[in-house]
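Chemist: Okay, handing you the structure first.
The values are calculated or read from the model by the stated rules, or taken from the named source; none is laboratory data. Note that the coordinates shown come from a computational prediction; the quantities given were computed from them, not determined experimentally. Glycine also receives a Cβ, built like all others from the backbone with ideal geometry; neighbour counts cover every protein chain displayed.
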Amino acid sequence: MAIEEEMVAGEGTAVTAHQTQNDTEAFENKLRPKDFSGYIGQGEVKQNLQVFLTAAQNRGEVLDHTIFYGPPGLGKTTLAMILADSMGTQLRVTSGPALEKPGDLASILSNLQEGDFLFIDEIHRLRMPVEEILYTAMEDFAIDLVIGKGPSARTMRLNVPRFTLVGATTQFSKLSNPLRDRFGHIEKLRFYEDDEIGQIIKRSADILEIEIEAAATQQLAKCCRRTPRIANRLLRRMRDFAEVVHQGSITQAVVEESLKNLSVDAKGLDFADQEYLRTLCDKFKGGPAGLSTLAAAIGEDEATIEEVIEPFLIREGLLQKTPRGRMATEAAFSHLGIIGGGGML
Ligand code: ADP
């Protein structure tokens, strides 16, 4: 399978930030499972996809358009790559914000080969004129191009190769109905169980040739917010501490000390999560507080709060979204060691 990247880092990115991003991407790619057997957890999704793939292969058809949704880092991109690999075809990667004009998408579509996969990350952020190109492309494998301007403008239909669109989104509800209805398969990715995260840590440690004790793996697994990307990132940091400070393998003591240095707490809440929760509990007495108010209070943008911070806090029973605003639960107060909270729920 060949992967062609459409995404480019923002212009003017500082050299060091650029390098760090590339470094992180290279690291992620190294650890990406290449087939279903290396892809841990998400049993139901995997099972479904394998059935759909076999059915499409047996009929000699392309796989129906598929969308994966769920918080960042749960394995959506990885699944898209595995799908293309399983069908022995090419995967083109782009993202909603990267497609600025209908022509950007039209040119990608017309350059696809029969049976290719097109992966659009953050598909909920497609601009409407671009999204409209997708409707006929997904349904009829054709795009309608407008040629000329004003009264003399005319539409020309151009066929595109049969392809499979794989969309990924962290905000499924933001997809328009016409787009959502054109996906044949809709798969929700779930947060992972601790033992699955433990398996992912072990697998990554083996690939990176890092020694990690079983007890250390278990302990680290509990602090990864049930998210593979975070597990791999923390493993990398543990390796730094083990090599530089402790001259050796990752033990329980290394995990404990490193997590403390990284401000990751026993539930896996990082600095941003803790700041959000503490602000809600302390400043707003547990809420209700509106999203924009909270965003202003902690200096974080609303999308990051909604897509990255809140899903996990809700999943852990620390936060509730109510019609009146965000509210901290009793568990949040006791987790932060604040007395007398959560009475309003
Ligand atoms: P998303 O697209 O949902 O943000 P990715 O597919 O980019 O997430 O996954 C992030 C990282 O986590 C990848 O480097 C991949 O190695 C790892 N990963 C994700 N899901 C799994 C899984 N089920 N098993 C093993 N590793 C995984």
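Chemist: Return the residue satisfying two criteria in turn: it lies in segment 242-255 and is β-branched (Val, Ile, Thr) and either buried (at least 23 other Cβ atoms within 10 Å of the Cβ) or part of a helix (DSSP H, G or I) (or both), and of such residues it is modelled with the lowest pLDDT.
Modeler: Taking segment 242-255 as the starting set, the residues that turn out to be β-branched (Val, Ile, Thr) are 244-245, 250-251, 254-255.
Remaining after also requiring either buried (at least 23 other Cβ atoms within 10 Å of the Cβ) or part of a helix (DSSP H, G or I) (or both): 244, 250, 254-255.
Details: 244: 88, 250: 95, 254: 94, 255: 95.
The extreme case among them is 244.
Chemist: Taking the conditions exactly as written (part of a helix (DSSP H, G or I), at pLDDT 95 or above and basic (Lys, Arg)), does residue 239 satisfy them or not?
Modeler: Against the criterion (part of a helix (DSSP H, G or I), at pLDDT 95 or above and basic (Lys, Arg)), residue 239 does not qualify.
Chemist: Any idea which of (1) surrounded by fewer than 21 Cβ atoms within 10 Å (Cβ to Cβ); (2) more than 22 Å from the chain's Cα centre (by Cα); (3) at pLDDT 95 or above is the one residue 195 doesn't satisfy?
Modeler: For residue 195, the failing item is (2).
Chemist: Give just the number: which of (1) surrounded by fewer than 17 Cβ atoms within 10 Å (Cβ to Cβ); (2) in contact (Cβ under 8 Å) with a residue 40 or more places away in the chain does residue 261 not satisfy?
Modeler: Answer for residue 261: the failing condition is (2).
Chemist: Any residue in segment 73-83 that is in contact (Cβ under 8 Å) with a residue 24 or more places away in the chain, more than 9 Å from the ligand (Cβ to nearest atom) and among the charged types (D, E, K, R)?
Modeler: Checking segment 73-83: not a single residue is in contact (Cβ under 8 Å) with a residue 24 or more places away in the chain, more than 9 Å from the ligand (Cβ to nearest atom) and among the charged types (D, E, K, R).
Chemist: Also: Do we have residue 294 as part of a helix (DSSP H, G or I) and over 22 Å from residue 226 (Cβ atoms) here? Don't jump to the end; show me each part of the working.
Modeler: Values: part of a helix (DSSP H, G or I): yes; over 22 Å from residue 226 (Cβ atoms): yes.
Yes.
Chemist: Got at least one residue in segment 315-326 being part of a helix (DSSP H, G or I), at pLDDT below 95 and within 27 Å of residue 77 (Cβ to Cβ)?
Modeler: Yes: one or more hits.
Chemist: Restricting attention to segment 139-173, which residues are closer than 13 Å to residue 67 by Cα and either assigned by TED's automatic domain parsing to the domain that holds residue 303 or loosely packed, with under 12 Cβ neighbours inside 10 Å (or both)?
Modeler: 173
Chemist: So, one more: Take residues that are small (Gly, Ala, Ser), within 16 Å of the ligand (Cβ to nearest atom) and not assigned by TED's automatic domain parsing to the domain that holds residue 29 and tell me which of the helices (runs of 4 or more DSSP H) falling wholly in segment 174-234 contain 2 or more.
Modeler: Values: elements: 177-181, 194-208, 214-221.
Per the criteria, 194-208.
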